[in-house]
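The values are calculated or read from the model by the stated rules, or taken from the named source; none is laboratory data. This one's a predicted model, so the numbers in the text were calculated from it and none came from an experiment. When we count neighbours, we look across all protein chains shown, and the Cβ atoms used for this are built from the backbone with ideal geometry, even at glycine.
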Amino acid sequence: MTAAWVAGSVRARSMTRRRLGRVGARSLAAEPTLDSAVALLSERDRGLIALRFGADLSARQIAELLGERTNTIEVALSRALDRLRELLENPPPVRPAGEDHERSIRDSPV
């Protein structure tokens with residue numbers, strides 16, 4: 001079982017939970033979602049979070065799996081969760097789809 005597979009499973013489960021747990025007329029697009037915040041994390045942060053919460057492994061088990069010290073994993077998990085919390089509380093601004101493409105066409109030399 002790879003970290004990418006676990007991360008995909010966690011994202012799929014969280015999407016289902018969100019769809020089932022919608023309250024009132026709030027739009028998911030207008031609020032930060034776990035999926036969008038997790039997608040902004042580094043691959044290592046996503047993998048550690050997926051292994052800890054998706055695969056329900058302890059920091060010690062993750063450390064053994066990755067061949068690292070338990071303390072290193074504990075610190076990395078703590079920092080990853082801090083970054084995730086920050087992204088959920090203060091999401092980065094969302095640019096309209098295609099904005100980068102339109103800008104590159106407009107700004108390219110003719």
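Condition first: of a type in the set (A, V, I, L, M) and either under 12 Å from the mean Cα position of the chain (by Cα) or closer than 19 Å to Asp82 by Cα (or both). Now tell me which residues in segment 58-70 satisfy that.
If we filter segment 58-70 for residues that are of a type in the set (A, V, I, L, M), which is where we start, we get 59, 62-63, 65-66.
Result: Ala59, Ile62.
If you go through segment 14-34 one residue at a time, do you hit one that is within 26 Å of Asn90 (Cβ to Cβ), modelled with pLDDT of 85 or more and out of contact with any Ser or Thr (no Cβ under 9 Å at 6 or more places or on another chain)?
No, that holds for no residue.
Taking segment 33-42 as the search range and keeping residues that are in contact (Cβ under 8 Å) with a residue 40 or more places away in the chain and assigned to a helix (DSSP H, G or I), which one is surrounded by the most Cβ atoms within 10 Å (Cβ to Cβ)?
If we filter segment 33-42 for residues that are in contact (Cβ under 8 Å) with a residue 40 or more places away in the chain, which is where we start, we get 34, 36-38, 40-41.
Subsequent filtering for residues that are assigned to a helix (DSSP H, G or I) retains 34, 36-38.
Numbers: Leu34: 16, Ser36: 16, Ala37: 18, Val38: 20.
Checked segment 33-42; the qualifying residue surrounded by the most Cβ atoms within 10 Å (Cβ to Cβ) is Val38.
Would you point out the residue of segment 70-85, among those that are among the charged types (D, E, K, R) and exposed (fewer than 12 other Cβ atoms within 10 Å of the Cβ), that is farthest from Leu34 (Cα to Cα)? Outline the logic, then answer.
Initially, segment 70-85 is screened for residues among the charged types (D, E, K, R), giving 74, 79, 82-83, 85.
Filter once more, keeping what is exposed (fewer than 12 other Cβ atoms within 10 Å of the Cβ): 82, 85.
Details: Asp82: 13, Arg85: 10 Å.
Ranking the qualifying residues of segment 70-85, first place goes to Asp82.
How many residues, within segment 43-81, are part of a helix (DSSP H, G or I), in contact with a Lys or Arg (Cβ under 9 Å, 6 or more places away or on another chain) and small (Gly, Ala, Ser)?
The number of residues fulfilling the criteria is 6.
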